[in-house]
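Accompanying notes for the structure given below.
The values are calculated or read from the model by the stated rules, or taken from the named source; none is laboratory data. Note that this is a predicted model, so its numbers are computed, not measured. Note: ideal-geometry Cβ built from the backbone for every residue, glycine included; neighbour counts use all protein chains shown. These area figures cover heavy atoms from the full protein model, side chains too; ligands, DNA and RNA do not enter into them. Shrake-Rupley method; radii C 1.70, N 1.55, O 1.52, S 1.80 Å.
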Amino acid sequence: MQDRKALTDKQINDTLTNSILRTPLHWYILTGFFAVIVLMGFVAVGILANRGLGMTGMNRPVYWGFFITNFVFWIGISHAGVMLSAILRLAQAEWRRPATRAAEVLTVFALGTAAMMPIVHLGRMWRFYWVFPYDWARGIWPDIRSPLVWDPHALSTYLIGSSLFIFVALIPDFAVLRDKTTGMAHQIYGALSMGFRGSVRQWRLQAIAGIILSALLLPVFVSVHSIVSWDFGMAMAIPAWHTTIFAPYFVIGAVHSGVAGVITVLILLRWLFRWDDFIRREHIDALGRLLFVVANAWLFFFALEFMFGLYHQEGTEVVVRDLWLFQTPWNVIFLLFIFTGYIIPVPMWLFRSVRRSFPLMLFTTILVNIGMWLERFLLIIPSMGRKHSFTFVWGDFAPSPIELMIVTATFALVFMLMLLFAKAFPLIPIFDIKEGNVLRDEIQIGRRTVQAVIREE
Amino acid sequence: MSTNHHHEPNIFQLEPVEVTRDVIARTRSRGSRYWGIVGVLAVLLVIGLIGLGMRLGSETTKLGYYAATFSFLFTTTQTAPLVSVAFRMTKNHWRRPIARASELFAVVGLFNLLIFIPLMIALPSTEGRWTIWIQAASWSPHVFDTMMLASLVVCGLGLLWSGAIPDFASLRDKGGSKIYSKLAMGWQGTVRQWKMQRVLLSFLGAFYFIGIIWTHYVISSDFSMSLVPGWVDSIYPTFHALSGLQAALATMLLTAYVLRRFGGYKEYIPMETFWAMSKIFLATSMLWFYFWWSAFITYWYGRQIGEQHVLQLINFGPYIYAFVIAFLFCFVFAVFMLIWNPIRKNPGALASIALMVLIGCFFDRVRLFVSSWSVSDLRDQHHLHYVPDTVLPEAPDIMIIVGLISGAILVYMLASRLIPVMSIWEMRELRLYQRSRMLVRKKVMVLGKPE
C-alpha cells in the first residue's frame, strides 16, 4: 500500500523550505557537535603534518592503512548519487523524486572527503600538486601511466560533473527561495537562480540539461571507482590485487555501500526535519528492493574474486585467503565484514515489513556500511602485510589515535556538510516533488483503486 | 518534461475477447510459408547432424567450432527468457507483448541439452590442470555442468508452462486438442489459482535468473578458460553472462520485429516495447566494452609473459579477425547507432542492429572457444608458453554451425505452433492497466502501477 498524502503546491513549498527559513534547535546542536569533531580532526591533521607519517600505525611493508581504506570507502559512498539520480531519472522511476537531491549532495561531500584522504596520507601534504602534469620548476613529469595519477583526474572530473548536475537541478528551487526571501538572501538566491521564471523554454532547457548531464555522468561514475580499483589491480607484487574483476567489483561494492548510505541519510533527515509526507515507506521499500538486488550482485562479484584467487592455487594468493579465513585478527574482521555487509541485512530485506520500517532500515543500512568499510580494510591491509622474501623488516598495522581521530572526523565532516547544505538549500527537490504530483493518478479496476502514473511519449 | 508534439498515446485497443480469439486463430492457422521455412530448417538440421557425426571422435582441436556454436546457442536462446523474467520482476508493462516469445526460448534449451552431451564427452579430463572445481574429483565438470544445464532447462520449461497455463485453458475452452486440457491442469481462473500462478512465476523466475548466471559461469570456465593454462580471468564468467544478456536482447528485438512484421502482431507490439528494450540494449553494449576492457587493461598492464600470450590467443593473435568483428559489431557500431533516439524508435533499424550484434556475438564465441580448444598441451602447465595457430573452419564445422543454428530456430517455430507466441492473459491484463486522459491540452497515457 502507498501511504502518500495529497499536498498543495503551497504546502510543498512551505514544508520543504522550512529547514532553510525556520531552523529547528536540534539542527544547531547536531551541527555544533559534528563541528567539534571536525575541528579535532583538523588538529590531528595538523599534528600529522608537523610530526610526519611516523605518527600513524603504518610500518613496512604496510604502507597503505586507514587513510587509503577510508579513501576507497568514501569514493564508494559517492557512487549513490549518480546511481540513484541519473539512472533512475533515465529509467523514469517515479519513486526516485525525494531521494535524488540528498543522494547527489552526498556524492559531492563524500567525494570531497575522499579526495582529502590521499592528501593526508602523503605526509608532506603540501606537495599534493605533484600529481598534476606540468614540469616547469620541477623538471619532471608525473608518470601518466600510473593509476595513481589517473585517480585525481577521474575524481576531479566526477566532482565537477556532479556539482554541475546538482546546480542545474537546483535552479528552479533557487527561484522558489528567491521569491520567499528578502534582503541579502534574496540577492544570493536571485543570482543563483539565473533569472529562472518557469517559462516553457526554461523548463525544457533545464530538463534537457538534466538528461544530458545524467547520460554524461554515467560513464564518469563507472570510471572513477574502476580507476580506484586499478590503483590496486595494476600492482603485480601484492597478492589478491592483480585480478581482472576488480573494476566492476569495486563499482558494485560502491553502489552497495552508497545506496545504503543514502537510505541512512534520508531516514535521519526525515526524522530531523519532519519530512514524513515526503520520505515515505514506499520510498524506502523501493530503495530496499534495489539494495537487495545490488547486494546480491555484489556477493556474486565477491565470490568470483575469492574463488579465482584460489583457482590457480598460486602460493601467495592462497596465503592471503588463508589470512582472511583462519588467522586472527583477520578472520574476526572477515566474519564481522561478511555478517554486517551481507548475512544480517540482506535476508532481512526479503521481508516487506523490514523494508517499510524506518528503524530497521536505518539499522541494516548502517550495518552495510560498517561491513563495506571493513571489506576495504581487508582488501588492503592483509595483502600488504603478507610475509614474503627479501624484506629486511616486518611490521604489522595497528591504527594510531591520530588515524582514528582523522577517520572519525571524516564521518562528522560529511554529516556536518549535509546539515549545512540543508540550512541553505532544499534537500528534497521542490520542483521534482511537484512534477511527481502532476504526473500521479489513480485508475479504477473493478472494485479496486490502483495507483497510476502519467506516461509522456 | 512535456513537448509540443501532439499525438495520441499508444494504447492497446483490442477488447479482451478479441485478444483471445485473434491470438488463438493465429496460433492455429499456419500458412504454406511457415511450413516451407520449417522444411528448409529441418533439412539444414539434418546436414548439421551429419557434420556433427563427422566431427565426433576427433581430437579436441577439431571441436572448437562445435563448442563455439553450442556456446552461441546457449547464450542467445537460453538467456532470452531472462528478458521476460527480469522485467516481470521490475513490473514493466512494456515487456508484456514479448513475455511469451521470450519464455518460449526455454524450449530450445532441450535442443541445447541434446547437443551438449557429445561436447561434454569430448571435454578433456581435468587431471593435471586447474579448473574451478579446485579440489573436486576429475569428473566434476562433466557431472555438475550437465546437472546445471539440465536444471536450467527444467526450470525454463516450468517457467514457460506456468506462464502459459491461463492461455492453455483458453485454448482448451475454444475447442483445442486434449493436450491443452492436460496442460491447463483444471485452470478455471479462480482468485486462488491466479495467486498461485503469480507465486510460481516469481519463484521460477528467481531460480532461472540465478541458474542462468551460474550456468554461464560453469560453461564459460569449464569449456574455454580452464583449457588454457594460465588464463586466470575472474571477470570472464561475468563477461560471458553479460554478453549473453546483450545477445538475448538482440534475439528478442529480432523476434519482436519478425512477429510484428510477418506474424501479424503489429497491434500488439508497440513502439514502446522496442524503445524500452533498445535502451537496455545500449547499456549492455557499453557494458560489453567495459567488461572486456577491465580484463584487457589488467593483463596488458601486468606485462607477464603468460598473460600476454593469453591476450594474443583470444584478442590480437590467430583470431584477430573474430575479435575485430566482435568488437565492431557488439560495441562500436552498436553503441554509435543506438545512442540516436530516432534509431531506437525504429523497429527495422533495431532489428538490423540486433542481427549485427548476433553475428558479432557468434564471432566473439569463436575467438573465445575455438582458440581455447586449439590449445592441445594442457598437462602440468601453469602458463601458456606458446600461441597456437589459427584453426579455420572446415566443411563439417560449417555444416555444424549452419545446421545447429537452424535446428534451434526450427524447435522454436514448432513450439510456437503449440503454445501461443503472444501471452493472451498478459495482454488482457495490460488492457486493464492502460487509460488515456487529458493533461492540460494534451492527451496522455495513464498507466496503472500495481504493488
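Going by accessible surface with a 1.4 Å probe and the largest first, A:V320, A:V222, B:V43 read B:V43, A:V222, A:V320. Values of log10 I(q)/I(0) for segment A:1-50 across q = 0.29, 0.30 Å⁻¹ run -1.00, -1.02, by the Debye formula with one identical scatterer at each alpha carbon and no solvent. For segment B:411-451, a drop of 40 Å² or more in accessible area on going from the chain alone to the assembled protein chains (1.4 Å probe) is found at B:R435, B:R437, B:L439, B:M445, B:V446, B:L447, B:K449, B:E451. Heavy-atom accessible surface of segment B:273-350, averaged per residue, reaches 39 Å², computed with a 1.4 Å probe. For chain A, the membrane-span-like helix rule (DSSP H, alpha carbon extent of at least 30 Å along the helix axis, mean Kyte-Doolittle at least -0.5) picks out A:25-51, A:100-121, A:147-180, A:200-233, A:246-273, A:281-311, A:358-385, A:401-424; this says nothing about an actual membrane.
Take the accessible area of chain B alone and of chain A alone, subtract that of the pair, and you get about 4600 Å² summed over both chains, using a 1.4 Å probe.
With coordinates expressed along the principal axes, the C-alpha atoms belonging to segment B:221-269 extend over 53, 15, 10 Å, beginning with the largest. Every helix of 4 or more DSSP H residues in chain A counts as -39500 (n - 2.57), and over all residues that averages to -23000 deg cm²/dmol at 222 nm. About the centre of its Cα atoms, segment A:310-457 shows a dipole size close to 520 debye [charges on the beta carbon of Lys, Arg (+1) and Asp, Glu (-1) only; nearest 20 debye]. Each principal axis of the Cα atoms in chain B has its own extent, and those three values, largest first, are 69, 54, 42 angstrom. Sequence-ordered 3J(HN,Hα) estimates for segment B:267-273 from the Karplus curve with 6.51, -1.76 and 1.60 and θ = phi - 60° stand at 5, 7, 9, x, 4, 4, 5 Hz, glycine and proline given as x. Only alpha carbons enter this Debye calculation for segment A:185-325, each as an equal point scatterer, and the log10 of I(q)/I(0) it gives at q = 0.17, 0.18 Å⁻¹ is -1.09, -1.14.
Taking 25 °C and 0.890 mPa s as the conditions, I'd like the Stokes-Einstein D for segment A:53-146 in µm²/s, using the Kirkwood hydrodynamic radius from alpha carbon pairs. Here the translational diffusion coefficient equals 154 µm²/s.
For chain A, the relative contact order comes to 30 percent (Cα pairs under 8 Å, sequence separation of at least 6). When shorter helices are ignored and each DSSP H run of at least 4 residues is given -39500 (n - 2.57), the per-residue value for chain B at 222 nm works out to -21500 deg cm²/dmol. For the protein assembly as shown, the dipole from Cβ point charges (+1 on Lys and Arg, -1 on Asp and Glu) about the Cα centre works out to 3180 debye, to the nearest 20.
Rounded to two decimal places and with Rh computed the Kirkwood way over Cα pairs, what is Rg over Rh for segment A:147-227? Across segment A:147-227, the Cα-based Rg/Rh ratio is 1.13.
For segment A:186-239, what log10 I(q)/I(0) values come out of the Debye formula at q = 0.12, 0.21, 0.22, 0.27 1/Å, with one point per alpha carbon and no solvent? The calculated log intensity ratios at q = 0.12, 0.21, 0.22, 0.27 Å⁻¹ are -0.54, -0.85, -0.87, -0.98. Stokes-Einstein diffusion for chain A, with the hydrodynamic radius set to the Kirkwood value over Cα pairs and evaluated at 10 °C in a medium of 1.306 mPa s, equals 67 µm²/s. Dipole orientation for chain B: of the candidates B:N341, B:V444, B:V375, B:V444 has the Cα lying most toward the positive pole (charges on Cβ; Lys, Arg +1; Asp, Glu -1). Projected onto planes of every orientation and averaged, the convex hull of the alpha-carbon atoms in segment A:337-416 covers 7.4 nm². Between B:I210, B:Y265, B:F296, the Cα set farthest toward the positive side of the dipole of segment B:174-299 (charges on each charged residue's Cβ, about the Cα centre) is that of B:Y265. With 0.36 nm allotted per residue and the present C-alpha distance subtracted, the A:R455-A:D276 stretch has 61.8 nm of extension available.
Counting only the Cα atoms, the protein assembly as shown fills a convex hull of 181 Å³ per residue.
Taken over segment A:319-457, the convex hull of the Cα atoms encloses 239 Å³ per residue. Distances between every pair of Cα atoms in segment A:120-174, grouped in 5 Å steps from 0 to the bin holding the largest one, split as 4, 16, 17, 19, 15, 9, 8, 7, 4, 1 percent.
Residue by residue, segment B:292-306 carries 3J(HN,Hα) couplings of 5, 5, 4, 6, 4, 5, 5, 5, 4, 5, x, 6, 7, 4, x Hz when phi is fed to the Karplus relation 6.51 cos²θ - 1.76 cosθ + 1.60 (θ = phi - 60°); x denotes Gly or Pro.
Accessible area of B:H142 (1.4 Å probe, protein heavy atoms only, ligands and nucleic acids ignored): about 40 Å².
Rolled with a 1.4 Å probe across the full set of protein chains, the surface gives A:T243 an accessible area near 20 Å². The 1.4 Å probe gives accessible areas that order B:S32, A:S163, largest first, as B:S32, A:S163. Under 13 Å of direct C-alpha separation, and excluding same-chain neighbours fewer than eight residues apart, A:K180 reaches these aspartates and glutamates: A:D14. Measuring nothing but alpha carbons in segment B:165-249 and taking Rh as the Kirkwood radius, the Rg to Rh ratio lands at 1.26. For segment B:309-444, taking Cα atoms only, Rg and Dmax work out to 22.7, 75 Å respectively. Per atom type, segment A:332-410 shows carbon and sulfur on 79% of its accessible surface, probed at 1.4 Å.
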